[in-house]
Amino acid sequence: MKESEKLFSHRRGEMVETLKRYGISNSRVLDAFLEVPRHLFFENKARDCAYNDGAYPIGFGQTISQPYTVAFMTTLLVERCPGGKVLEIGTGSGYQTAILDALGYSVFSVERIFELHERAKKLISRLGLHVVCHFGDGTLGWMEHAPFDGIVVTAGAPGEPESLMRQLAERGCMIVPIGGNGSQQMTVIQREGSGFKRELFEYFTFVPLIGQEGWDDTVF
Ligand code: SAM
């Protein structure tokens with residue numbers, strides 16, 4: 001292993017220890033964080049920041065989410081929906097996508113910014129991940145591949161995204177931050193027969209989910 005890879009691997013271990021201190025305890029999730037080389041989702045010049053527990057700009061006004069946030073959402077998913085087909089809304093850097101792939105899900109991911117979609121798709125392919133990426137408005141979901149066992153929305157929604165809810169399989173669950181511009185409450189929406197069960201968790205700050213069933217992009 002090259003010296004730089006050894007250093008990144010060491011720092012990945014430190015990041016996982018930080019996640020544990022913050023209360024992330026699911027061993028499948030922690031193993032996925034140890035496995036995925038987060039620095040590859042950063043530009044060369046920013047790679048030293050890759051294992052800090054912070055969000056980081058990836059261009060076009062967007063961010064790669066903070067490791068704790070990714071771990072929190074992934075734990076909510078894994079504990080309710082341990083396997084199957086997952087739709088991610090907001091590919092961004094592709095890091096959350098790679099974590100879902102490492103957990104063995106069959107992953108579909110949608111991004112609305114063409115340049116980010118292209119960049120993530122290239123990296124995902126270079127890493128040999130079996131993820132299907134799509135450029136478009138994720139608030140409408142991806143009907144062609146529905147129903148999904150899980151849906152992870154990695155941008156802040158103004159309300160419950162109805163088209164996405166309709167694309168959940170029976171017992172399928174969606175992890176989605178919902179709220180105003182400043183902060184959003186992490187919400188789990190699980191399909192139960194003809195209805196839905198909701199669970200509410202802590203508040204986070206996300207970039208906005210922009211689209212037909214999200215925010216209007218003229219608001220930001
Ligand atoms: N999962 C990403 C990661 O690990 O890098 C998080 C990226 S960022 C917090 C959220 C992403 O959602 C941005 O790339 C943004 O362009 C995207 N986004 C916002 N609204 C969207 C929509 N309607 N459809 C698809 N992507 C959307």
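The values are calculated or read from the model by the stated rules, or taken from the named source; none is laboratory data. None of these values were measured; they are calculated from a predicted model. Positions of Cβ are backbone-derived with ideal geometry, glycine not excepted, and every protein chain shown enters the neighbour counts. To get the accessible areas, we keep the full protein, side chains included, count just its heavy atoms, and leave off ligands, DNA and RNA. Shrake-Rupley method; radii C 1.70, N 1.55, O 1.52, S 1.80 Å.
Here are the numbers for this structure:
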read-out: Qualifying position, being under 23 Å from residue 167 (Cα atoms), open to solvent by less than 10 Å² (accessible area, probe 1.4 Å) and away from the ligand (no atom under 11 Å from the Cβ), among 100, 77, 87; value: 77
read-out: Index of the failed condition, residue 189 passing every other in (1) modelled with pLDDT of 95 or more; (2) under 20 Å from residue 147 (Cβ atoms); (3) open to solvent by 20 Å² or more (accessible area, probe 1.4 Å); value: (3)
read-out: Total residues in the range 174-220, condition under 25 Å from residue 75 (Cβ atoms), within 12 Å of the ligand (Cβ to nearest atom) and among the aromatic types (Phe, Trp, Tyr); value: 2
read-out: Among residues of the range 17-68, those that are part of a loop (DSSP other than H, G, I, E, B) and open to solvent by 80 Å² or more (accessible area, probe 1.4 Å), counted; value: 4
read-out: Failed criterion for residue 139 (all others in (1) among the hydroxyl-bearing types (Ser, Thr, Tyr); (2) free of Cβ contacts under 8 Å to residues at least 60 places away in the same chain; (3) farther than 20 Å from residue 40 by Cα hold); value: (2)
read-out: Subset of the range 103-117 [within 8 Å of the ligand (Cβ to nearest atom), open to solvent by 10 Å² or more (accessible area, probe 1.4 Å) and either outside any loop (DSSP other than H, G, I, E, B) or under 12 Å from residue 131 (Cβ atoms) (or both)]; value: 111
read-out: Qualifying residue in the range 71-78 (condition: in a helix (DSSP H, G or I) and in contact with a Ser or Thr (Cβ under 9 Å, 6 or more places away or on another chain)); value: yes
read-out: Matching residues, the range 151-173, being under 19 Å from residue 100 (Cβ atoms) and either away from the ligand (no atom under 14 Å from the Cβ) or surrounded by fewer than 23 Cβ atoms within 10 Å (Cβ to Cβ) (or both); value: 167, 168, 169, 171, 172, 173
read-out: Top-ranked residue of the range 118-150 - restricted to ones that are within 11 Å of the ligand (Cβ to nearest atom), of a type in the set (Gly, Ala, Ser) and not in a loop (DSSP other than H, G, I, E, B), ranked as surrounded by the most Cβ atoms within 10 Å (Cβ to Cβ); value: 138
read-out: Test: residue in the range 29-52 that is out of contact with any helix residue (DSSP H, G or I) (no Cβ under 8 Å at 6 or more places or on another chain) and on the phi > 0 side of the Ramachandran plot; value: no
